[in-house]
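Visitor: Mind having a look at this structure? Questions to follow.
What follows draws every value from the coordinates through simple rules; no lab data is involved. Keep in mind that what you see is a predicted model, and the values were worked out from it rather than measured. Positions of Cβ are backbone-derived with ideal geometry, glycine not excepted, and every protein chain shown enters the neighbour counts.
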Ligand SMILES: Cc1cc2nc3c(=O)[nH]c(=O)nc-3n(C[C@H](O)[C@H](O)[C@H](O)COP(=O)(O)OP(=O)(O)OC[C@H]3O[C@@H](n4cnc5c(N)ncnc54)[C@H](O)[C@@H]3O)c2cc1C
């Protein structure tokens, strides 16, 4: 589950929490879960203190066969493949997640979740391919590798793929086939490195305290 909220709130307790969280990259780990938060620019890319937003990401494992369908079904009953956009989580799923937050999160994170008006859901999946070049076609960015978010490298990897492709085309005098042959090896190595690093970081962060969900929360009655 992801969300963002303004770095200032009116009440004193929210102000105190905001002051504590600001300028820190804060994590909480517990069984089958971790949540983290950091500041991001506010509206119009503002970096002014008080205008920035807190971004948070809360990872919870759910069973793909039995639990994911209600979570990935939006408030209009539409089953989505991988994500539920802000403002469209099914009310009963959102309520369960907010109740779970109140039960298991540390107070500053409880406040962060409570202050977030429209959280959203993103399924985390591993994607990797054994080949990125197919005749004159290249797979770049997320089309080739989606490392877990822990690497925070999806954008720079996509840019690196594109920049290296430009370089290879120039070096090979715009012979596309030769350029792609030269380009592919290093890009596969980069993708596989990040793919593996993301899995290692994700497993370590999520399961440090075990795989059982704390005070197990179920979505099975939510559909
Ligand atoms: C919630 C979330 C948070 C993230 N946070 C970070 C972060 O902090 N740091 C980081 O580095 N990465 C982050 N990522 C990952 C990052 O967004 C991706 O790795 C990156 O955007 C990949 O770039 P891309 O160009 O390969 O794909 P995309 O950015 O997905 O671009 C693909 C484009 O193709 C378009 N498209 C799709 N199908 C068609 C079609 N049939 N015809 C025409 N156009 C089409 C799409 O609309 C889209 O604009 C995050 C991702 C998510 C979902």
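Visitor: With a ≥ b ≥ c taken as the square roots of the eigenvalues of the C-alpha gyration tensor of the stretch 2-122, please select rounded if a/c is under 1.5 and otherwise prolate if a/b is larger than b/c or oblate if it is not? Don't skip to the answer; put the middle values down first.
Guide: Numbers: a/c = 2.10, a/b = 1.60, b/c = 1.31.
Note, shape of the stretch 2-122 comes out prolate.
Visitor: What order do you get for 20, 97 when you list them from fewest to most C-beta neighbours inside 10 Å?
Guide: So the residues, fewest neighbours to most, are 20, 97.
Visitor: Just check the stretch 133-207 against the gyration tensor rule for me: Cα atoms, a ≥ b ≥ c as the square roots of the eigenvalues, rounded for a/c under 1.5, and otherwise prolate or oblate depending on whether a/b exceeds b/c.
Guide: Taking the square roots of the gyration eigenvalues as a ≥ b ≥ c, the stretch 133-207 is prolate.
Visitor: Still on this model: Relative to the longest principal axis of the C-alpha atoms of the chain, give the angle of the C-alpha long axis of helix 154-171, reported between 0 and 90° and rounded to the nearest 10°.
Guide: The angle comes out near 10 degrees.
Visitor: Please list log₁₀ I(q)/I(0) at q = 0.14, 0.16, 0.18 Å⁻¹ for the chain, using the Debye equation with identical point scatterers on the alpha-carbon positions.
Guide: -0.97, -1.14, -1.29
Visitor: Still on this structure: If each residue's Cβ is checked for other Cβ atoms within 10 Å, how do 132, 192 rank with the fewest at the top?
Guide: Going from least to most buried by this count: 192, 132.
Visitor: Moving on to the next point. By how many degrees, 0 to 90 and rounded to 10, does the Cα axis of helix 91-104 deviate from the longest principal axis of the chain?
Guide: Rounded to the nearest ten degrees, it is 80.
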